[in-house]
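Read through the structure below, which is laid out as structure tokens, and then see the notes.
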Amino acid sequence: MSKKDKKDKKIKFQEEIGELQNKYLLTLAELENTRKRMQKEKTQSLSFAIENTIAEFLPLIDNFENALNFANDSSEEVKNWATGFQMILSQLKDILHNHGIVPYHSVGNNFDPHYHDAVEIVESSEHAPGSVIEEFAKGYKSATRVIRPARVKVTKKTLEKNQSQIDKNENINESTEEENCCNKSEDKVSCNHKEDENADDYTNDQDTDQKKLRDENIKINK
């Protein structure tokens, strides 16, 4: 084998080694990416499972808060009981905090369908349209998503009638009333005419009957 052939073979061999090294590095990178992706998916799945489980306890927290608000105006005995329930509520909130789940404020903010669930819409001239003016249930969120949207009351623009349209409607109503009144008057006049005609007919019939009686009496006397 000549020196040139040996040199070419060596170069080819080095190229094959370099290609195999590149494939090896690419395989390691793909494995590392796959490991990281699987770890991320596992973490997200676990986080979603925890958040969904905690979301089922949120109505319980709402009931605790509402009951404790009423307990403030109750007797001393009820307030002593409320102290124990307040401690339980604090522990539940600590669990939420440990998992990164916190409530967020809604009243005074603009309505956002991602964070709010509008259960009531009212007209208001004191607030801008789309403002949240009352919160029926708190909203909770984590670092990545909304766990439960807040149930709120939202304002909308007050419907104001056009003054010209109001005047037009009033004119139409007045014209209609006058027309009805005229129709009633005409009906009354027509009825009076009919009554007069009937009275005249009755009088004529009476005159005819009396005339016949006079003729018959004259004949009898003759």
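The values are calculated or read from the model by the stated rules, or taken from the named source; none is laboratory data. Model, not experiment: these values are computed from the prediction. Positions of Cβ are generated from backbone atoms using ideal geometry, with glycine treated the same way; all protein chains shown enter the neighbour counts.
Restricting I133, I147 to those that are under 26 Å from A49 (Cα atoms), surrounded by 10 or more Cβ atoms within 10 Å (Cβ to Cβ), at pLDDT 85 or above and touching a strand residue (DSSP E or B) at 6+ places or on another chain (Cβ under 6 Å) reduces the list to I147. Among residues belonging to segment 103-130 that are among the hydrophobic types (A, V, I, L, M, F, W, C) and out of contact with any Phe, Trp or Tyr (no Cβ under 7 Å at 6 or more places or on another chain), point out the one that is surrounded by the most Cβ atoms within 10 Å (Cβ to Cβ). If we take residues in segment 103-130 being among the hydrophobic types (A, V, I, L, M, F, W, C) and out of contact with any Phe, Trp or Tyr (no Cβ under 7 Å at 6 or more places or on another chain), then F111 is surrounded by the most Cβ atoms within 10 Å (Cβ to Cβ). Across segment 42-58, the number of residues qualifying as touching a residue at least 24 places away in the same chain (Cβ under 8 Å) and not polar (S, T, N, Q) comes to 6.
Scan segment 107-162 for residues that are part of a loop (DSSP other than H, G, I, E, B) and over 20 Å from E65 (Cα atoms) and the total you get is 24.
When K79, K93 are checked against the criterion of being within 23 Å of T144 (Cα to Cα), free of Cβ contacts under 8 Å to residues at least 40 places away in the same chain, basic (K, R) and not assigned by TED's automatic domain parsing to the domain that holds I147, a single residue qualifies: K93.
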